[in-house]
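So the structure is just underneath, and the comments pick up after that.
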Amino acid sequence: MRLSKLLQMVTQDIPAEDPEITFVTDDSRKVQAGCAFVCIQGKNFDGHTLAEQAVDAGARAVIVQRDMGLRCQVLVPDSREAYALMCEALFGNPAEQLHLIGITGTNGKTTSAFLIKEILEYAGYCTGLIGTVQNMAGDEVLPAQLTTPDPYEMNGLFAKMVRAGCTHCVMEVSSQALAQQRVAGLHFDVALFTNLTQDHLDYHGTFENYLAAKHKLFQQAKEAVINLDDPAAAAMTAGTGCTVTTFSIRRDDADFTAKNVQDRPDCVEYEMVGRGAIGRVHLGIPGRFSVYNSMGALLCAMKAGVPMEQALTALRAARGVKGRIEVVPTGTDYTVIIDYAHSPDGLENILTSLREIARGRIICVFGCGGDRDRTKRPKMGAVAARLADVAVVTSDNPRSEEPETIIQDVLEGMRDAKIPVHVEADRTKAIRLALGLAQKEDIVLLAGKGHETYQILKTGKIHYDEREIVAQILWESREET
């Protein structure tokens with residue numbers, strides 16, 4: 001594809017030779033003959049420093065934000081945006097052939113995405129998925145490295161979806177992706193806002209920056225579905241011009257309100273009451289936040305053309321998501337649940353929900369990620385101290401940090417804890433400790449890893465699946481007896 005066509009949505013200032021481009025990348029390690037190299041300045045590395053090296057390696061064009069004095073350079077205002085738009089053009093703008101539904105918020109994105117996909121497919125729409133747990137092109141499951149992929153990978157996924165016959169795509173849109181312009185140029189038919197609480201401040205710096213990043217999605221959306229109970233609800237769509245539909249558990253001034261909510265051990269049930277519409281909702285995923293997730297999913301599906309009654313029927317059969325309130329088969333008289341909760345609000349949500357259905361104690365095993373926002377660590381400790389009956393503080397993904405250092409940060413929030421607090425840096429030993437403490441009707445919550453089947457240590461990434469860990473520990477204990 002000619003460089004001018006790749007850049008037609010970016011700039012008309014193209015070198016006279018207008019070279020043929022075979023590949024686009026922002027990774028200097030992937031530069032190859034005939035490619036265009038996009039120089040992006042990040043927090044830790046500036047691609048402009050390798051512009052000349054990329055030309056020497058065969059790049060026919062370098063896209064830059066500042067003059068590098070190179071004959072084949074193209075100067076653009078924002079190279080991140082340029083990269084996204086070039087990737088879209090390279091793949092033939094496949095997203096234009098899909099109805100895009102984007103989901104943003106701190107918690108609930110993954111569950112909402114899966115629920116929307118299940119409803120759409122029940123209604124007969126072949127639907128793609130981009131998200132934290134996995135990507136999907138129709139029935140084909142593809143691995144996911146980032147919640148919202150790099151623009152080159154993302155547009156490759158869109159192209160696969162089109163080839164698979166997909167008409168819709170449901171995608172989680174992270175705050176980092178929005179800040180980094182990964183979805184620049186995409187037009188969303190519907191955008192869903194779940195909630196906004198403290199997370200990712202290690203990247204955004206301030207809560208205001210975090211909110212501003214989320215707001216970008218609604219500037220690219222035709223319609224918005226908004227959780228009115230969240231304090232950031234109004235800010236999400238301010239000045240965007242999109243059509244807004246709101247939902248709530250607490251407010252009658254919302255477009256749709258949940259009434260007569262019944263939170264049961266194995267499901268939630270409620271009546272969704274809207275203007276000229278009412279429906280009985282049943283979702284086999286317990287917890288008060290499942291009401292929010294299901295309301296958002298139902299409204300997005302309805303905006304996509306699924307009749308309410310058909311959407312409600314689909315929701316009754318929804319299976320849920322791996323690593324989200326996932327009950328692990330144990331054959332014991334206590335329950336083991338795996339959940340991805342890794343922020344103060346996420347941990348509070350799951351513990352509050354379990355508190356409503358627990359008949360025995362809640363034993364909470366949790367840690368905090370290394371090289372991430374340190375300010376949320378004591379907050380998570382305080383949440384566990386307040387809402388669990390027993391806490392086991394351990395490692396999550398320590399990355400380059402020492403697990404003991406992270407744990408000390410967590411314990412700062414547990415100084416006044418009135419519950420037993422155990423400390424075990426080795427996560428497997430921590431799980432073994434928790435299972436050993438569990439009695440009849442207790443709930444053991446393994447928080448933080450969720451769907452992940454790995455752990456990131458200072459020495460690198462290792463295989464680590466908590467389902468396997470639990471099974472092994474229980475097998476060993478039965479062998480001993």
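The values are calculated or read from the model by the stated rules, or taken from the named source; none is laboratory data. What you see is a predicted model; the values in this text were computed from it and never measured. Here the Cβ is made from the backbone with ideal geometry for all residues, glycine too, and neighbour counts use every protein chain on show. For accessibility, only protein heavy atoms count, side chains too; no ligands or nucleic acids. Shrake-Rupley method; radii C 1.70, N 1.55, O 1.52, S 1.80 Å.
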Which strands (runs of 3 or more DSSP E) sit wholly inside the range 377-455 and have at least 2 residues that are in contact with a helix residue (DSSP H, G or I) (Cβ under 7 Å, 6 or more places away or on another chain), in contact (Cβ under 8 Å) with a residue 12 or more places away in the chain and open to solvent by 10 Å² or more (accessible area, probe 1.4 Å)?
421-423
Looking at (1) over 19 Å from His451 (Cβ atoms); (2) in a helix (DSSP H, G or I), which is the one condition that is false for Arg359?
(2)
Taking the stated definitions as given, is Gly331 in contact with a helix residue (DSSP H, G or I) (Cβ under 7 Å, 6 or more places away or on another chain), surrounded by fewer than 21 Cβ atoms within 10 Å (Cβ to Cβ) and not aliphatic (A, V, I, L, M)?
no
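Let's see how each residue does on (1) among the small types (Gly, Ala, Ser); (2) modelled with pLDDT of 95 or more; (3) under 27 Å from Glu468 (Cα atoms); (4) in contact with a strand residue (DSSP E or B) (Cβ under 7 Å, 6 or more places away or on another chain):
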site	(1), (2), (3), (4)
Arg275	no, no, no, no
Ser294	yes, yes, no, yes
Lys303	no, yes, no, yes
Ile325	no, no, yes, yes
Val328	no, no, yes, yes
Thr332	no, no, yes, no
Thr335	no, no, yes, yes
Tyr340	no, no, yes, no
Glu356	no, no, no, yes
Considering the range 82-110 alone, what residues qualify as being farther than 30 Å from Val62 by Cβ, among the hydroxyl-bearing types (Ser, Thr, Tyr) and not in a loop (DSSP other than H, G, I, E, B)?
Thr104, Thr110
Any idea how many residues of the range 320-336 are touching a residue at least 24 places away in the same chain (Cβ under 8 Å) and not in a strand (DSSP E or B)?
11
Among the residues of the range 137-161, count how many are aliphatic (A, V, I, L, M) and out of contact with any strand residue (DSSP E or B) (no Cβ under 8 Å at 6 or more places or on another chain).
2
I need a count of the residues in the range 131-147 that are open to solvent by less than 10 Å² (accessible area, probe 1.4 Å), modelled with pLDDT of 90 or more and either more than 16 Å from Glu96 (Cα to Cα) or assigned to a helix (DSSP H, G or I) (or both).
2
Every pair of residues 6+ apart whose Cβ atoms lie under 6 Å, when the first sits in the range 130-157 and is free of Cβ contacts under 8 Å to residues at least 40 places away in the same chain while the second is assigned to a helix (DSSP H, G or I) and of a type in the set (Lys, Arg)
Ala137/Lys160
Counting just the residues of the range 148-189 that are assigned to a loop (DSSP other than H, G, I, E, B) and polar (S, T, N, Q), which one comes out farthest from Gly102 (Cα to Cα)?
Gln180
Pairs under 6 Å by beta carbon, first residue small (Gly, Ala, Ser) in the range 305-317, partner modelled with pLDDT of 95 or more and open to solvent by 70 Å² or more (accessible area, probe 1.4 Å), six or more apart or different chains?
Ala314/Tyr122
Filter the range 160-177 down to residues that are under 14 Å from Ile116 (Cβ atoms) and open to solvent by 40 Å² or more (accessible area, probe 1.4 Å), then give me how many there are.
1
Yes or no: the range 54-69 includes at least one residue that is within 16 Å of Arg29 (Cβ to Cβ), in a helix (DSSP H, G or I), touching a residue at least 12 places away in the same chain (Cβ under 8 Å) and open to solvent by 40 Å² or more (accessible area, probe 1.4 Å).
yes
Just give me the residues in the range 70-111 being open to solvent by less than 40 Å² (accessible area, probe 1.4 Å) and of a type in the set (Lys, Arg), in sequence order.
Lys109
Inspect the range 114-128 for any residue being in a helix (DSSP H, G or I), within 23 Å of Leu347 (Cβ to Cβ) and in contact with a Gly (Cβ under 8 Å, 6 or more places away or on another chain) and give the result as yes or no.
yes
Given (1) open to solvent by 10 Å² or more (accessible area, probe 1.4 Å); (2) free of Cβ contacts under 8 Å to residues at least 24 places away in the same chain; (3) under 23 Å from Tyr340 (Cβ atoms), index of the condition Gly124 fails:
(3)
Which residues, counting only those in the range 463-481, are within 18 Å of Val365 (Cβ to Cβ) and either out of contact with any Ser or Thr (no Cβ under 9 Å at 6 or more places or on another chain) or hydroxyl-bearing (Ser, Thr, Tyr) (or both)?
Tyr464, Glu476, Ser477
Which residue pairs have Cβ atoms under 8 Å apart, sit 6 or more places apart or on different chains, and have a first residue in the range 11-23 that is charged (D, E, K, R) and a second that is at pLDDT 85 or above and not in a loop (DSSP other than H, G, I, E, B)?
Asp13/Val74; Asp13/Leu75; Asp18/Arg2; Asp18/Leu3; Asp18/Ser4; Glu20/Arg2; Glu20/Leu3
Taking the condition among the charged types (D, E, K, R), touching a residue at least 60 places away in the same chain (Cβ under 8 Å) and open to solvent by less than 40 Å² (accessible area, probe 1.4 Å), does Asp339 pass?
yes
